[in-house]
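Everything on this sheet refers to the single structure shown next.
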Amino acid sequence: MATMRLVIGLLLVVSSSLLKADVILLKPVGDQPPGRVEGDLLNPTETPRQKYLIRTSDGAKLTLTPEQVAEVILKSEAEQWYQRWLPKMPATARGNWIMSEECRKRGLRVQREMHLEKILTYESEHLNARRALGFRKIDGRWQQPKEYWENRGYVRYQGKWRLIQDVEFEKRLETREIEEKAWRKKLKMWRTWIVKARGKQVSGRDNIAQIMDRRAAPALAEFLDQDQEFEPLKLLYIDVLARLQRGPGVRAFISRALRDPSDFVRERCLEELSRFGTDRAVASFIQVLSANDNRLVNRAALALAQLGDPVATRPLIEALVTQHKRTLKPNESNANATFGNGGRAFQFGKNKPMVIRWEEQNQDVLGALTSLNPEVNFEFNEEQWRIWYARRKVPASFELRRDE
């Protein structure tokens, strides 16, 4: 405070809105709405309260009774300090700088910025004030980040400067997420109506069957891609997703075509994949041909045969006979255990784990190969299949597509 005593001088003319007053809210009288009085409460600590002595902003004094007052909102200590010292501050760059620093210490952000801006009217190159206001010297002139970024097509969004196009895209994503979440809620409710069978089964089914909004596709796909869902409901979801023809539906069809316990559900998913989403499905099923689970390998082969894309020929050749390995604990089996088409057992010492290796001939893979290439059949002779394939006249686009 000693520093402030050194700068006592001229009165600075500032906006009266910065000189925040105490606010006394009045009780309504008759049909009149509640009123308010702004000024300085001259007896804030009076206890018990006898009266309210108020000096208004124009210097008039007013006395109110407790029965007239509903609430009193007092200035903070920092605001009281500010109102007390502001008239004593010199109207100079130095006086405003000292006041801005005191405001910073007391958390008076609005007042501080006002004094920093006032400094620049006295000294436009005042370095500390410029930096405190966020100015940086760019291309020879002072610019604030807001001006700099806005001139380059950026906007402030969620605390960061972002390109307008990026913000618009993110807002669309947010809107889509909100809509998809709403559809999940609706579908859960309608499904409950059907499953609980309390008189709303028909309404629940009709509501789902009549969905036309593509934003519902992710929720429908999630409900479809559950092993334990009832088959009739899965078939209903498939019908709606087939109509919407969206990416989430394709992904769910691929998953169910491989893993669903119902033959009928798997067949329906493959039917729809043959109508749309075929390229993505073929690529996915080809990847599954290298899985360790032969059940999935053969299901993927059946799907590829139904989709009928010759791009799957080479991957199917490689999946004709698959190699498998399993490590058994000593108490799981004995050296004579066999797996698949004649597995071989290797035991490493007494009471040591045993490694079982075996081959599987995948009949459905062979069926897919002969379905795609009916002119030949080398059974499970992979070498002959490879020689035949190498001698074929294969377009360059085939290899490019297969490797994607």
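The values are calculated or read from the model by the stated rules, or taken from the named source; none is laboratory data. For clarity, every value in this text was computed on a predicted model and none was experimentally measured. Counting neighbours? That spans all protein chains shown, and the Cβs are built from the backbone with ideal geometry, glycine included.
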Check your understanding: Of the residues in region 185-213, how many are surrounded by 17 or more Cβ atoms within 10 Å (Cβ to Cβ), over 15 Å from ILE238 (Cβ atoms) and in contact (Cβ under 8 Å) with a residue 24 or more places away in the chain?
Key -> 1
Practice item. Would you confirm whether any residue within region 176-184 is closer than 30 Å to ARG104 by Cα and surrounded by 12 or more Cβ atoms within 10 Å (Cβ to Cβ)? Key: no
Exercise for review: State which residue is surrounded by the most Cβ atoms within 10 Å (Cβ to Cβ) when the search covers only region 284-322 and only residues that are in contact (Cβ under 8 Å) with a residue 12 or more places away in the chain and basic (Lys, Arg).
Suggested key: ARG299
Review point. From the set of residues in region 250-283 that are acidic (Asp, Glu) and surrounded by 19 or more Cβ atoms within 10 Å (Cβ to Cβ), which is farthest from PRO218 (Cα to Cα)?
Key: ASP260
Practice item. Check region 39-52 and report whether any residue there is modelled with pLDDT under 75 and loosely packed, with under 12 Cβ neighbours inside 10 Å. Key: no
Point to revise | Residues being part of a helix (DSSP H, G or I) and more than 16 Å from GLU229 (Cβ to Cβ) - total across region 259-277 | key: 7
Check your understanding: Within region 300-318, is even one residue more than 22 Å from GLN384 (Cβ to Cβ), of a type in the set (Gly, Ala, Ser), part of a helix (DSSP H, G or I) and more than 33 Å from the chain's Cα centre (by Cα)?
Key -> yes
Check your understanding: Listed residues SER57, SER76; which is surrounded by fewer than 16 Cβ atoms within 10 Å (Cβ to Cβ), over 25 Å from TYR122 (Cβ atoms) and over 51 Å from the mean Cα position of the chain (by Cα)?
Key -> SER57
Check your understanding: Looking at region 55-146, what strands (runs of 3 or more DSSP E) fall wholly within it and have at least 1 residues that are assigned by TED's automatic domain parsing to the domain that holds PRO34 and within 23 Å of VAL23 (Cα to Cα)?
Key -> 61-64, 69-73
Practice item. Pull up region 280-297, narrow it to residues that are in contact with a strand residue (DSSP E or B) (Cβ under 9 Å, 6 or more places away or on another chain) and not in a loop (DSSP other than H, G, I, E, B), then point me to the one that is farthest from PRO374 (Cα to Cα). Key: ASN294
